[in-house]
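What follows is a single structure, written as structure tokens, with notes after it.
The values are calculated or read from the model by the stated rules, or taken from the named source; none is laboratory data. Quick caveat, the model's predicted, so the values are computed rather than measured. Glycine also receives a Cβ, built like all others from the backbone with ideal geometry; neighbour counts cover every protein chain displayed. Just the protein is used for accessible areas: all its heavy atoms, side chains included, with ligands, DNA and RNA removed. Shrake-Rupley method; radii C 1.70, N 1.55, O 1.52, S 1.80 Å.
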Amino acid sequence: MGVVYIGDRAAGKTHLAMELSNPKNEYVKVDNLDYENLKLQLLDENSQAKPTDANKATYESYLDIQVRLPTGNKQVFVDWIDTPGEVWRKSWQTDNPNEWSRFLETIRQSEGILLILPPHRGLAFKQGVDIEQFMSQQQWSTRFDRWVDFFRQDCPKARHILICLNKADLFCDIQQEASKLAYNPYGAQMNWQKRHTYVFQRYFRPIHSQLAKINQNISGLSVRCFITSIYNRSLLELPWIYLGSFLAK
């Protein structure tokens, strides 16, 4: 049982995974993917992520992640599943039962799930950000109901669900937040529970009740909240260090 990496449309999943493979790392490195080759494969000439083909159910990649901890290097195996938005429609699932079953089979065997979410308009965006490209807070919260149902119905073996609010550079001072949240094996000011509580209270208020539903439904489950950005390595690595601490081989 490994880890599955999934997310909402336009959440920045591709850039996050690609940047994780950057050789300029701190505690986390990707052993099996080359950063420059990945950029050529995943980005267009304008450095935008190439769109997922709506006719194909999933694009599956494999990440072999090494996490450097005080107890030694830990290995995390990740199935990176990119899906077009169509797969979440009941009509698509009915019309493509084999593809949907294969997708669920991988999910149902996973102990860890990383879900990447985009920001919403209820956040305090920095000046100059085009907020119209994002959902309203109400739309964002309503959309999250789909993930609640998905986790409760289709993820019976999940023990760690990590929910990452991405593109944090658009709505907070990432240097300041990283100084509070960053991993330091020899004297961090926050442990994992304190990090979660801080991010949960500050950035996830609109879905507090929905997150509680997920926790209540699956025995032994821990939902943990993170903020991530490709522009801050410490924030980018935190979810993976957490997984390395709890799920690594």
Strands (runs of 3 or more DSSP E) fully within the range 42-161 counting 1 or more residues that are over 21 Å from the mean Cα position of the chain (by Cα), modelled with pLDDT of 80 or more and among the aromatic types (Phe, Trp, Tyr)
none
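In the set THR106, THR71, which member is surrounded by fewer than 17 Cβ atoms within 10 Å (Cβ to Cβ), among the hydroxyl-bearing types (Ser, Thr, Tyr) and touching a residue at least 60 places away in the same chain (Cβ under 8 Å)?
On the way: THR71 fails: touching a residue at least 60 places away in the same chain (Cβ under 8 Å).
None of the others qualify; the one that does is THR106.
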The range 109-134 - residue that is surrounded by fewer than 18 Cβ atoms within 10 Å (Cβ to Cβ) and in contact with an Asp or Glu (Cβ under 9 Å, 6 or more places away or on another chain) and, of those, farthest from ILE174 (Cα to Cα):
ARG121
Give the residues of the range 162-177 that are outside any loop (DSSP other than H, G, I, E, B) and among the charged types (D, E, K, R), sorted by residue number.
ASP169, GLU177
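Filter the range 23-42 down to residues that are in contact (Cβ under 8 Å) with a residue 24 or more places away in the chain and surrounded by 14 or more Cβ atoms within 10 Å (Cβ to Cβ) and give me whichever is nearest to ALA182 (Cα to Cα). Break it down stepwise before answering.
Going through the range 23-42, the residues in contact (Cβ under 8 Å) with a residue 24 or more places away in the chain turn out to be 24-33, 42.
Imposing the further condition that a residue be surrounded by 14 or more Cβ atoms within 10 Å (Cβ to Cβ) reduces the set to 25, 27-30, 33, 42.
Numbers: ASN25: 13, TYR27: 11, VAL28: 13, LYS29: 16, VAL30: 19, LEU33: 25, LEU42: 28 Å.
By that ranking, first place goes to TYR27.
State which residue is nearest to ARG89 (Cα to Cα) when the search covers only the range 140-194 and only residues that are of a type in the set (Gly, Ala, Ser) and open to solvent by less than 20 Å² (accessible area, probe 1.4 Å). Lay out the reasoning, then the answer.
Taking the range 140-194 as the starting set, the residues that turn out to be of a type in the set (Gly, Ala, Ser) are 141, 158, 168, 178-179, 182, 187-188.
With open to solvent by less than 20 Å² (accessible area, probe 1.4 Å) added as a condition, the list becomes 141, 158, 168, 178.
Values: SER141: 18, ALA158: 23, ALA168: 28, ALA178: 37 Å.
Per the stated criteria, the residue is SER141.
Could you list, in sequence order, the residues of the range 183-226 that are in a loop (DSSP other than H, G, I, E, B) and in contact (Cβ under 8 Å) with a residue 60 or more places away in the chain? Give the steps one after another, and end with the answer.
We begin by selecting, within the range 183-226, every residue in a loop (DSSP other than H, G, I, E, B); these are 183-191, 204, 218-221.
Within the range 183-226, TYR183, PRO185, TYR186, ILE218, GLY220, LEU221 qualify.
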